[in-house]
1. Counting alpha carbon pairs within less than 8 Å and at least 6 residues apart, what relative contact order, in whole percent, applies to the chain?
2. Helix 324-353 versus the longest principal axis of the chain: what is the Cα-based angle in degrees, 0 to 90, to the nearest 10?
3. Neighbouring Cβ atoms within 10 Å as the yardstick, rank H258, H161 fewest first.
4. Among I133, T237, F325, whose Cα projects farthest towards the positive end of the dipole of the chain, with charges put on the beta-carbon of Lys, Arg (+1) and Asp, Glu (-1)?
5. To test your reading of the geometry: what angle, between 0 and 90 degrees and rounded to tens, separates the Cα axis of helix 124-156 from the longest principal axis of the chain?
6. What's the ranking of 471-482, 397-408, 301-312 by average number of surrounding C-beta atoms within 10 Å, highest first?
7. Do the sum for the chain: with -39,500 (n - 2.57) for every DSSP H run of n ≥ 4, divided by all residues, what is the mean residue ellipticity at 222 nm, to the nearest 500 deg cm²/dmol?
8. Given H placed on each backbone N at 1.01 Å, which residues far from Y231 in sequence or on other chains put an amide H within less than 5 Å of it?
Amino acid sequence: MHIDWYVLIALVLYFALLITIGLVTFKKDEDMEGYALGGRALGPWVTSMSAEASDMSGWMLMGLPGYAYMAGISAFWIAIGLILGTWANWLITAKRLRIFTQVMNNSITLPEYFDNRFLDSRKSLRIASAFFIFIFFLIYTSSSFVAGGKLFNTAFGLDYHFSLFLTAGIVVFYTLMGGFAAVCWTDLFQGFLMFFSILIVPVTAMYYIGGVGPTVERLNAISPNYFSMIYGADGSTLSFTAIISLIGWGFGYFGQPHILVRFMAISSSKSIKQATRIAVTWVIISLAMAVLVGLTGRVVLGDVLQGSSAETVFMRMSSMFFHPFLAGIITSGILGAIMSTSDSQLLVAASSFTTDFYKILIRKDASARELVMVSRIMIIVVSALSLFLALDPDSMILTIVSYAWAGFGAAFGPLVLLSLYWRRMTTKGALAGIIVGGSTVLIWKNFLSFTGLYEIIPGFFLSLAAIVVVSLLDKEPPREITDAYDRAVEMMKAE
């Protein structure tokens with residue numbers, strides 16, 4: 001095993017900063033609102049950068065460049081869907097969700113918001129939501145650990161499985177120590193580091209190749225389809241179903257708990273306009289550069305990367321072009337992408353289990369201190385299960401992420417949107433949406449994937465239909481529910 005001490009020093013400094021943030025924020029969060037939402041005190045920069053850093057994860061620096069390396073510029077279809085989804089989520093969801101969760105008994109998790117929004121006395125919405133959050137976050141978090149395993153294996157030649165435990169150990173430590181505040185402040189730092197890394201690598205690669213013109217010429221020489229949005233680099237044709245599936249990633253945004261919780265935690269809904277501009281700008285530039293990493297990597301490295309190894313193109317180029325210390329900083333940027341998502345996922349999954357299952361079914365009179373303790377225990381449990389799912393070193397990061405992304409988008413996306421905009425929606429309609437959306441993704445992925453249609457498409461629209469049909473067949477919601485909805489709308493108008 002060869003260890004480059006410059007790279008190691010850069011990584012140690014990076015880890016030390018993360019751990020310091022966790023220690024500094026440790027005693028600030030004494031109740032579940034502080035631990036799970038940071039006391040609703042985040043500014044626009046922290047909110048936006050934290051939301052996007054936790055959104056993009058290791059797949060932006062590994063999965064998407066790997067896909068572009070193999071497929072060419074048609075990878076932009078995913079980027080287009082994600083850019084539109086990001087913009088729409090901030091525009092039509094952020095402000096309403098911030099106000100609605102505050103009006104609805106100061107809800108601190110997404111399932112608790114559903115419960116309070118519909119006054120669900122049976123707690124069926126919280127339990128169903130907690131179930132799907134637990135299932136899909138296990139899958140999602142495992143993708144981050146896979147990325148960490150590949151990173152340390154490529155950068156240092158470390159054993160893949162040892163790398164999994166190293167990645168998980170750091171994330172678990174500072175998430176346990178600092179809670180939501182630590183997660184968001186580290187995400188702010190990691191968001192800037194990711195942005196720097198995704199810019200410098202492809203720009204340097206093009207300089208090395210000789211500029212934009214020579215890069216285009218060499219890609220055309222490899223395959224003219226590298227610049228086709230309809231054909232793959234291997235000559236295959238992208239069908240209408242494939243294009244819709246790639247753009248369909250954008251539907252997932254409305255149901256991602258680890259992103260939506262940022263909207264709930266911003267200090268004021270008035271800050272959302274500024275946060276939206278920051279977030280959308282970051283996403284447009286970062287996704288465009290991620291695709292460019294794959295394209296320039298194909299020129300620089302040739303066709304040496306096959307299968308899951310294509311997802312290491314970013315790391316291989318950074319080690320080629322830069323001094324080991326700077327390469328170590330860029331490697332830290334990848335770690336930032338990985339950890340900024342996995343920490344959020346761990347925290348949301350643990351908070352949901354604690355407030356939406358443990359407190360409801362096991363210990364209704366649990367103290368605030370006990371709930372925080374249980375939440376920390378669940379972070380360890382979720383991490384252990386995710387590590388088990390990540391044991392296969394041949395796992396494709398993008399494939400794992402797409403599964404979990406679809407699950408959340410279908411189970412919660414239509415429910416979140418209609419709960420914020422449709423006064424007539426009922427508890428039974430909401431429950432039907434969760435069950436139909438989440439179940440459709442599970443069934444489609446395992447039994448109907450041969451259709452080629454991304455499972456989020458049928459999942460999202462069947463969930464939407466289930467909510468509307470069941471709500472209309474059900475009796476109108478009680479006055480207490482509609483009055484609370486009206487209060488939230490009035491507050492929206494006032495701000």
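1. In percent, rounded to a whole number, it is 32.
2. 20
3. H161, H258
4. Result: I133, furthest along the dipole toward the positive end.
5. 20
6. Top of the packing list down: 397-408, 301-312, 471-482.
7. Estimated from H runs of four or more residues: -25000 deg cm²/dmol.
8. Those qualifying (amide H under 5 Å, at least 5 residues apart or on another chain) are L238.
Bear in mind these aren't lab numbers, they're just calculated from the coordinates by the rules spelled out. Predicted, not measured: the structure shown is a model, and the values here were computed from it. A quick note on method: Cβ atoms are made from the backbone with ideal geometry, for glycine too, and the neighbour counts reach across all protein chains shown.
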